[in-house]
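**Student:** There's a structure below that I have some questions on.
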Amino acid sequence: MPKHDPLHHYKGKRNFSVTPEPADGGVANEAQPVFVVQKHWARRLHYDFRLELGGTMKSWAVPKGPSYDTADKRMAVHVEDHPLSYNEFEGEIPAGQYGAGNVIVWDRGTWQAVGDPQKGYKSGKLVFHLHGHKLQGRWALIRMKGKSEKQAPWLLIKEKDDYARPASEFSVVDEMPDSVLTQPRTDDAKSQPTGTPYKALPKTLRPQLATLAKSPPADDAWLYELKFDGYRLLTRVEAGDAVLYTRNGHDWTERLPQLADALNALSLPDGWYDGEIVVLDDNGIPDFQQLQNAFDASNTARVDYFLFDVPFCDGEDLRSLPQTERRARLKSLLESRQHDANVDTPGKNHGKKVQKSAPRRRRIGLPRPLPTSALARHLKHRPATYWHPHAPWDWKA
Ligand code: MN
């Protein structure tokens, strides 16, 4: 085994006639290097954080796993380079072997260094952006000073950006514990995305907000969101019972009895449904004043509900899927109920004329085309996952 083989430490620790781990191989992704985080139940649970660099996966063992809190400095022990093919590895490392225990692919995606990654790696300060299912935004790996080179302790730190969140509010390792291997790579739109099974439907949910923009971005990675001029409303359905919540978690079911009845009549699968309630004026344009009047007069029969997202549905946590995928699911869910009286899904023939002449029967539906004057500067990034409240990307207005 030549000393200059970058995998010489990796190979020296393992007996490949016993362990199912790969001895070598894998294809380099020079244009778009990848990262992987493997959750490893060895003697102690830890998260193996790996960045593709120079033909191997540079690796750190992070006992507590990553945190979105910029105040958390997570110990990351620098360990031996792993082969690129290791990114696909999930399974059981047999007892008696190095690292014996179970391994899952906890997150994966692509990464981009800020500055020269080789220089950063050598000098002990790597700053980079992650584009994964669970890990997003700007992060840093910093080598602690004055320590020996072998198994040097580094720190994995979330840098300040719109993705950062206090640990008191969100723990990515606790809230998203499972493998992402059944999900597509974030850069592979062709495979069929699936959600993650959940054990219990969450009792509360913080809604994803849109990013405000001053002007339309040039690329097509953004979804425009209509500015509804209404109130955000989340619906939690469990065992056929719909409960309506404001964005701050207030239960408004009793204030919207007709809407709650209409939702119950749809027999939606268990889940969380996200949208906005509005009152439309005679031209079909949302009118915020009329909506307020409806609540002031305790007469909310004319309130319509535009659904635009479905973070949980029918046993699956869909939050880490691209939002385009969640919208597609919502559409097919509502289309399959289109013959029920109160559902409206925008179709080819759903122009303004139809809206004007159609009898006013809709109550719940997907956002329909509105005149451009009603178009907001609300943007959501197409691949954005749900759980981050602002779902931003590397773009500023
Ligand atoms: Mn490990």
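**Student:** What single numbered condition from (1) under 19 Å from ARG143 (Cβ atoms); (2) within 15 Å of the ligand (Cβ to nearest atom) fails to hold for TYR10?
**Tutor:** Against the list (1) under 19 Å from ARG143 (Cβ atoms); (2) within 15 Å of the ligand (Cβ to nearest atom), TYR10 comes up short only on (1).
**Student:** Do we have ALA31 as away from the ligand (no atom under 16 Å from the Cβ) and either closer than 24 Å to PRO153 by Cβ or not charged (D, E, K, R) (or both) here?
**Tutor:** Spelling it out, ALA31 is indeed away from the ligand (no atom under 16 Å from the Cβ) and either closer than 24 Å to PRO153 by Cβ or not charged (D, E, K, R) (or both).
**Student:** Condition (residue is within 15 Å of the ligand (Cβ to nearest atom), surrounded by fewer than 18 Cβ atoms within 10 Å (Cβ to Cβ), over 17 Å from GLY132 (Cα atoms) and hydrophobic (A, V, I, L, M, F, W, C)) applied to segment 100-108: is it met by at least one residue?
**Tutor:** Checked against the condition, which is being within 15 Å of the ligand (Cβ to nearest atom), surrounded by fewer than 18 Cβ atoms within 10 Å (Cβ to Cβ), over 17 Å from GLY132 (Cα atoms) and hydrophobic (A, V, I, L, M, F, W, C), segment 100-108 yields at least one hit.
**Student:** Quick check on my filter: what residues within segment 42-99 are within 13 Å of the ligand (Cβ to nearest atom), at negative phi and not in a strand (DSSP E or B)?
**Tutor:** Of everything in segment 42-99, those that are within 13 Å of the ligand (Cβ to nearest atom), at negative phi and not in a strand (DSSP E or B) turn out to be ALA42, ARG43, ARG44, PRO63, TYR86, PHE89, GLU90, GLN97, TYR98.
**Student:** For segment 131-143, give me the residue count where each residue is surrounded by fewer than 23 Cβ atoms within 10 Å (Cβ to Cβ), out of contact with any Asp or Glu (no Cβ under 7 Å at 6 or more places or on another chain) and modelled with pLDDT of 90 or more.
**Tutor:** Of the residues in that region, 2 qualify.
**Student:** Got a sec? Which of LEU233, LEU263, LEU268, LEU321 is in a helix (DSSP H, G or I) and crowded, with 21+ Cβ neighbours inside 10 Å?
**Tutor:** Numbers: LEU233 fails: in a helix (DSSP H, G or I); LEU268 fails: in a helix (DSSP H, G or I); LEU321 fails: in a helix (DSSP H, G or I).
Exactly one residue qualifies, and that residue is LEU263.
**Student:** Identify, from the list LYS150, LYS119, the residue that is over 17 Å from PHE35 (Cβ atoms), at pLDDT 95 or above and either within 15 Å of the chain's Cα centre (by Cα) or more than 15 Å from the ligand (Cβ to nearest atom) (or both).
**Tutor:** Every option except LYS119 fails the conditions.
**Student:** In segment 119-146, which residues are in a loop (DSSP other than H, G, I, E, B) and touching a strand residue (DSSP E or B) at 6+ places or on another chain (Cβ under 6 Å)?
**Tutor:** Listed by number, the residues that qualify are GLY124, HIS133, LYS134, LEU135, MET144.
The values are calculated or read from the model by the stated rules, or taken from the named source; none is laboratory data. Since we're looking at a predicted model, the values are computed, not measured. Heads up, the Cβs are rebuilt from the backbone with ideal geometry, glycines too, and the neighbour counts pull from every protein chain shown.
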